[in-house]
Structure formats: structure tokens, C-alpha cells
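First comes the structure, then the notes that go with it.
The values are calculated or read from the model by the stated rules, or taken from the named source; none is laboratory data. Here the structure is a predicted model, which is why all the values come from computation and not from measurement. Note that each Cβ is placed from the backbone with ideal geometry, even for glycine, and that neighbours are counted across all protein chains shown. Heavy atoms of the whole protein, side chains included, go into the accessibility calculation; ligands, DNA and RNA do not. Shrake-Rupley method; radii C 1.70, N 1.55, O 1.52, S 1.80 Å.
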Amino acid sequence: MDRTDKPTRTSLRGAATRSALLRAAAQVFRTVGFSKAGVSEVVAVAGASVGSLYHHFGGKADLYLALYEEFQTRQQERTHEAVVEARGAGESDPTRLMNIAARAYLLGCVEERETTRLFFSGDGPPGFDYQLRERLTGWTDRNVALFRKADEPVDEALLIVVSGAMLIAVAEVVRRDDVDARRLADDITDLLSTLQPRPHEREAAAN
């Protein structure tokens, strides 16, 4: 029985340590910024050891990226739930569904304002800004896909415009108080909903 329980206890303890390190990293990064944060500060807040941090993570950059992945997962869940709820209520218009997804993403940023600022402040590991743009472009692509038929190519211009607008929109909404931020999120997503993909080249030629 002892042999069976020991791995489980170790695994639970390891998971608890990992969670504590992530919570501590979030606190330290928000307080002093990523570039000024030190591993020693994180482990002190977590009540852990430097060895335990390097057991679970490669360093503070890995902590930052792990926090971002958790944030992105929550954002994906928010947008997915919003679209599912809208479809369940009878909404089928693709433009409206994209509008709903974009609004849910922005409101999630408002709800997690301090966490969002951490990732959209420009103070992250080397190369993170590029990764952030790529992930937001990927998210936008999945939503722009609501516009097109299965055999239609991506309208790259539309994708760039929408993803760029969302990147700027996030930075703006988290600077405002809740009421103003939510009003701005509504205005932005209403404006985005007026964008339409250009006709496919073959369709344009036929016309």
C-alpha cells in the first residue's frame, strides 16, 4: 500500500509546488515587471527552493510562458463558451458570431486586467512579442474562418486588420475602468463586425 501511495503523494506535492511557483511568479511579475524580477524573489514568495523551481521550470522565462498559456486557455474557453451560448440561442450569422467571440476575448482581458497587462506591456522574454502576435493572429484566423466556406482561402488582409485591431484594442481596454472598458469593447467589436472578406478572386472574375 505504501508503495502505491507514495507516487501519488509525490505527484500531488509536486503539483502544489508548481502551482505555488506560478502564483508567486504572477505576483512578482505584476509588481516589478518581468525584466526586473528575480528567481530568488519568486521562490521566496512561493515558500519554495530554487531547486524546486528549476525542477518544474527552466527559469523565469518558462514561468512567464506557462502563465501566458494558462491565460490563453482561459481566453479560449471564454470565447468558445460565448459562441456556443449564442448558437444555442439561435444565432447563426457568422459576422455576429465573430463579433461575439471578439467581445468575449476583450471582456476576458478586462476581467483579468492585471494579468493581461503583464503580457501586453512589452516587458516579456526575448521573442515573446512575436509569439503574442502569432497566437492572436491564430485566434483571429479561427474566428475569421466563420466567414468563409471550407474551400475558400484565407483573406490575409482581413486577418491582418482584425488581429492588429484586437492587439491594439486589448492594450486600450485594460487602461480603462470597468464601465468605460466594457463600453469600448462593445464599440470595437461592433466596428469589427462591419468588416467583410473580399470576394474570392474567381467570384470577382465571374462578376
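Among the residues making up segment 26-40, those that are assigned to a helix (DSSP H, G or I) and open to solvent by less than 70 Å² (accessible area, probe 1.4 Å) are Ala26, Val28, Phe29, Val32, Val39. Residues that are touching a residue at least 24 places away in the same chain (Cβ under 8 Å) and open to solvent by 50 Å² or more (accessible area, probe 1.4 Å) within segment 41-54 comprise just one, Gly47. Scanning segment 119-145 for residues that are surrounded by fewer than 21 Cβ atoms within 10 Å (Cβ to Cβ) and either at pLDDT 90 or above or in contact with an Asp or Glu (Cβ under 7 Å, 6 or more places away or on another chain) (or both) yields Gly122, Asp123, Pro125, Pro126, Gly127, Phe128.
Among the residues of segment 67-89, the ones that are within 21 Å of Gly138 (Cβ to Cβ) and either outside any helix (DSSP H, G or I) or among the aromatic types (Phe, Trp, Tyr) (or both) come to 2 in all. Before we move on, is Ser92 open to solvent by 70 Å² or more (accessible area, probe 1.4 Å), more than 15 Å from Val170 (Cβ to Cβ) and not in a helix (DSSP H, G or I)? Spelling it out, Ser92 is indeed open to solvent by 70 Å² or more (accessible area, probe 1.4 Å), more than 15 Å from Val170 (Cβ to Cβ) and not in a helix (DSSP H, G or I). When Pro197 is tested against (1) within 20 Å of the chain's Cα centre (by Cα); (2) at pLDDT below 85; (3) under 27 Å from Ser92 (Cβ atoms), only condition (1) is not met.
From the list Arg133, Arg96, the one residue that fits, being of a type in the set (Lys, Arg) and touching a helix residue (DSSP H, G or I) at 6+ places or on another chain (Cβ under 7 Å), is Arg133. Being free of Cβ contacts under 8 Å to residues at least 12 places away in the same chain and open to solvent by 20 Å² or more (accessible area, probe 1.4 Å) holds for only one residue in Arg103, Arg23, Arg87, Arg18, and it is Arg87.
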